[in-house]
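So the structure is just underneath, and the comments pick up after that.
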Amino acid sequence: MFLHLDSTSLLFGFAIIAAFGFFFGTALDAIMKEGGFGPTGNTLLFIFGFFAAVTVANRHGVNLSDPKMAIAWGLGGAFAFISVLALIKAGLARLGS
C-alpha cells in the first residue's frame, strides 16, 4: 500500500499521523502517568503501531482503499500496541519489586 503512494501523499499522511500521535501521546501521558512512556515515547509508539497495523492488514488481504477502514485499522493497532507494551511494562515492574 505504501509503495503505491507518491512522496507528497506519503509525507502528508505521516504528518497527519504524527500530529494525531502527539495529541494522543500527550493525553495518554496525562492519564497513565508513570505507567506510560512519556509524551514523546507514546507518540513514537502510536506512529509505529499505526503504520504496523495498516501494513499487517494490507498483507493479510484487507481492502484498505476506503480511508475510513485504513484509519480504523491504524487507530486500533496503535492503541493495541501501546496497551500491550504498557501491560508488559507493568508486569515487569511488579516482578522487579
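Report the relative contact order of the chain, percent, no decimals, based on alpha-carbon pairs under 8 angstrom and at least 6 residues apart.
Normalised by residue count, the contact order of the chain is 25 percent.
How tilted is helix 38-59 with respect to the longest principal axis of the chain? Cα atoms for both, answer in degrees (0 to 90, nearest 10).
Value to nearest ten degrees: 40.
How long is the gain from A93 to A19 if the chain were fully straight, where each residue apart is worth 0.36 nm and the alpha carbon distance is subtracted?
Extra length available between A93 and A19 comes to 23.6 nm.
From the P(r) of the range 2-91, can you give the percent of Cα pairs sitting at distances over 14 Å?
Beyond 14 Å sits 65 percent of the P(r) for the range 2-91.
Can you work out the FRET efficiency for the pair L10 and I71, with r the C-beta to C-beta distance and R0 = 22 Å, to the nearest 0.05?
E between L10 and I71, to the nearest 0.05, is 0.90.
Name the residue, out of L11, L44, L28, whose mean-square fluctuation peaks in a Gaussian network model built on the chain with Cα pairs under 10 Å.
It is L11.
Fewest Cβ neighbours within 10 Å first, please rank I47, I16 accordingly.
In increasing order of surrounding Cβ atoms, one gets I16, I47.
Quick note: the coordinates plus some simple rules give every number you see, no bench work behind them. Because the structure is predicted, anything quoted here is derived from the model rather than measured. Reconstructed Cβ throughout: ideal geometry from the backbone, glycine too, with neighbour counts over all protein chains shown.
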